[in-house]
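Each remark here refers to the structure printed beneath this line.
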Amino acid sequence: MPVKIKAVFFTVLVSVISYQAIGQSKFQKSFVISYENGPLLGNGKDWANQIKETESYSGVDVRFEWRKVKNTFHNYLYRYPSMGFGFSSLAFHSEKLGRPMGIYGFVELPFTRRGIYNKFYLSYFGQIGLGFHIKPYDPETNPINKFVGSNLNSYIHLGFKANYELSQRVSLVGTIGLKHFSNGAIKKPNAGINYAPIGFGIKTKLGKVQSLPTEPVSYPDLEKRGFWNLALYLGTKNYEIGDPTYFRGGLGINYLWEASYKYRIGLGIDWFYGAGIKDRWPNQNTGFFDANSFALVGSWEWKINEHLYAPVAFGVYFNQSEFNQEVSWFYERVGVRYRFDNNVFMGIQIKAHKAKADFFEFTFGYTIPGKIKYTRPGNK
């Protein structure tokens, strides 16, 4: 999957996520601008410590936000969350890292329902999108930077936010979190650029100022049933610096149970394949189970709304392929997916071993709902 195709997929997915906010029939629009500052995090390597001594993050973040204020069940369940899109950029050009920038879609959720009616409340957020304008590793012109090997990367920012209302229209905001640029082993080196910035900014509501509903919402009946998820994983992986990039992918079959209004849990089987094993290991007698691996996986879906959800998984290999750089007997997966009304879904996840990226899984699949076993009444 060429880098340009991946960029288009990323952009489409982020646009779909952002559209979830724009498509609301009633929402409060806002504009936020923040200044961020914090250190570059190293990884204990000598080259990383050398870069860390002279580099830090000093930049700006701007975003458009749509806060859901319609009195619906999902809005009430998640304490009237915010969604939108934004742009982040380092304020200066770094000789070794370039000027990392990111465009992203985001979700922000308050910690408590009671807090959203106060002048001061806390929330947590996740941003995902495209990182670019990065100066990658080059053996001749930039040999010390082994954080990333490509200009185009994923952009992820996770953190916590404090909100203080100065007036009905204007608020002060503060953030703390981790900002990450990585290409998921599409092109090595790929240690990843990690910043830990603290941000301070101002938020202004646009258009008519709308108050959040205060009336409780009745919970609908919870239909207790299972779901089969059939997923196709597509990606690429660069195994060694300077070597070609090869296809990496697989298939997943998972059965999940409707555990609550927010979560589904289940078990499944994953199959992974690494192409080019004969080219990568010409002097080794490699076979089927060296190019392919199978695993038992425990899955969890966090249902953000009727369509948008975050898959999280922990897998244990039946057979671990060290030839495909599966460096531990287990792996983790986290990402974001969008399920359409016809039960087709698409998404992007990162598969990793001990938090070290294996590859980005660009996922396409289909969900088969099972029969309703029983219905748990909601509060009316």
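Read-outs: derived from the displayed coordinates by stated rules, not from any lab. Just so we're clear, the structure is a prediction, and the values are computed from it rather than from any experiment. Cβ: placed from backbone, ideal geometry, glycine included. Neighbour counts: every protein chain shown.
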- Is it possible to state the helix-based mean residue ellipticity at 222 nm for the chain, with each DSSP H run of 4+ residues giving -39500 (n - 2.57), the sum divided by total residues, to the nearest 500 deg cm²/dmol? What is it? -3000 deg cm²/dmol
- Item | Selected from Asn283, Asn324, Ala259, residue furthest toward positive end of dipole (the chain; charges at beta carbon) | Ala259
- Query: Which Cα, out of Asn145, Phe73, Pro197, lies furthest along the positive dipole direction of the chain (beta carbon charges, K/R +1, D/E -1)?
  - Reply: Phe73
- Query: When all C-alpha to C-alpha distances in the stretch 222-376 are sorted into bins of 10 Å, what percent of pairs does each bin hold, rounded to whole numbers?
  - Reply: 11, 40, 29, 14, 5, 1
- Task: Could you tally the net charge around Ile116, taking each other residue with its Cβ under 12 Å from the Cβ of Ile116, Lys/Arg +1 and Asp/Glu -1?
- Result: +4
- Item | Hull volume in cubic angstrom per residue (convex hull over the Cα atoms of the stretch 72-219) | 122 Å³
- Item | Whole-Å distance, taken between Cα centres, linking the stretch 117-142 and the stretch 302-375 | 22 Å
- What is the mean projected area of the alpha carbon convex hull for the stretch 65-112, to one decimal in square nanometres? 4.4 nm²
- Task: For every other residue with a beta carbon closer than 14 angstrom to the beta carbon of Thr214, add +1 if it is Lys or Arg and -1 if Asp or Glu, then tell me the sum.
- Result: +3
- Putting +1 on Lys and Arg Cβ atoms and -1 on Asp and Glu Cβ atoms, find which of His180, Gly347, Phe294 reaches farthest to the positive end of the dipole of the chain. Gly347
- Query: Kirkwood hydrodynamic radius (Cα pairs, Å) of the stretch 143-238?
  - Reply: 18.5 Å
- Pop out the Kirkwood hydrodynamic radius of the chain from its pairwise C-alpha distances, inverse of mean 1/r, in Å to one decimal. 22.2 Å
- Task: Please work out the Kirkwood hydrodynamic radius for the stretch 294-380, using every pair of different C-alpha atoms, and report it in angstroms with one decimal place.
- Result: 14.8 Å
- With no solvent and one equal point scatterer per Cα, compute the Debye intensity ratio I(q)/I(0) for the stretch 93-176 at 0.25 Å⁻¹ and report its log10, rounded to two decimals. -1.11
- Message: Show me, bin by bin at 10 Å from 0, the whole-percent P(r) of the stretch 240-287 based on Cα pairs.
- Response: 20, 30, 22, 17, 11, 1
- Query: GluC sites (Glu not before Pro), restricted to the stretch 243-316: which are DSSP loop and have at most 14 other Cβ atoms within 10 Å?
  - Reply: Glu306
- Message: Out of the trypsin sites (Lys or Arg not before Pro) in the stretch 168-277, which ones are loop residues according to DSSP with at most 15 other C-beta atoms within 10 Å?
- Response: Arg169, Lys208, Arg225, Lys262
- Message: Once each part is reduced to its C-alpha centroid, what is the distance from the stretch 32-67 to the stretch 143-161 in angstrom?
- Response: 10 Å
